[in-house]
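What follows is one structure encoded as structure tokens, with my remarks underneath.
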Amino acid sequence: MKHIVIPDFHDFIFAPMSSNAWALLNLLLVIVGIFLAVLALADYLVNKRREKRIIKTATENSGTLFTVEEKYIWKNKFDWLIIAEFLGFAGVLVFLFTQSMNSFMVLMNRMTVAHTVIFIVEIVALRLVYRRERI
């Protein structure tokens, strides 16, 4: 008869430093980060298309649509969007290069700090993209 050995509960919470276990929290942070990055990119593309339509309508009516300050704000938001997109995809690459999916799963491991930092900086960048400016 086979005996199944169940390790202690703490083994599933945090992996020892010498372990190659992959972390569920890292996977969740990567999935949410890439989801937010893709949503932000899709929102930018939709808004860019709508903005081009508004500019075309405004030029046909011989009106000025954007001031210099408003153009600077859009450029600044685009820069933060690029940073957020880079961090979203960097999180995926860090996960793929540091997590061994062949070994056992734990909740957190030594790379959870790096994934958390990448995710928090991405959230801050996305917050700067979607902040409201007072002109």
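Throughout, read-outs are computed from the coordinates displayed, never taken from laboratory work. Here the structure is a predicted model, which is why all the values come from computation and not from measurement. All Cβ positions, even for glycine, are placed from backbone atoms using ideal geometry, and neighbour counts span all protein chains on display.
Stretch LEU28-ASN76 to full length: gain in nm at 0.36 nm per residue minus the Cα-Cα span?
14.4 nm
When both region 101-122 and region 22-36 are represented by their alpha-carbon centers, they are found 8 Å apart.
Packing here is the average count of other Cβ atoms within 10 Å per residue, and on that basis the peptides 101-112, 118-129, highest first, run 118-129, 101-112. Remark: the PHE35-MET101 segment gains 21.7 nm on full extension, using 0.36 nm per residue and subtracting the alpha carbon distance.
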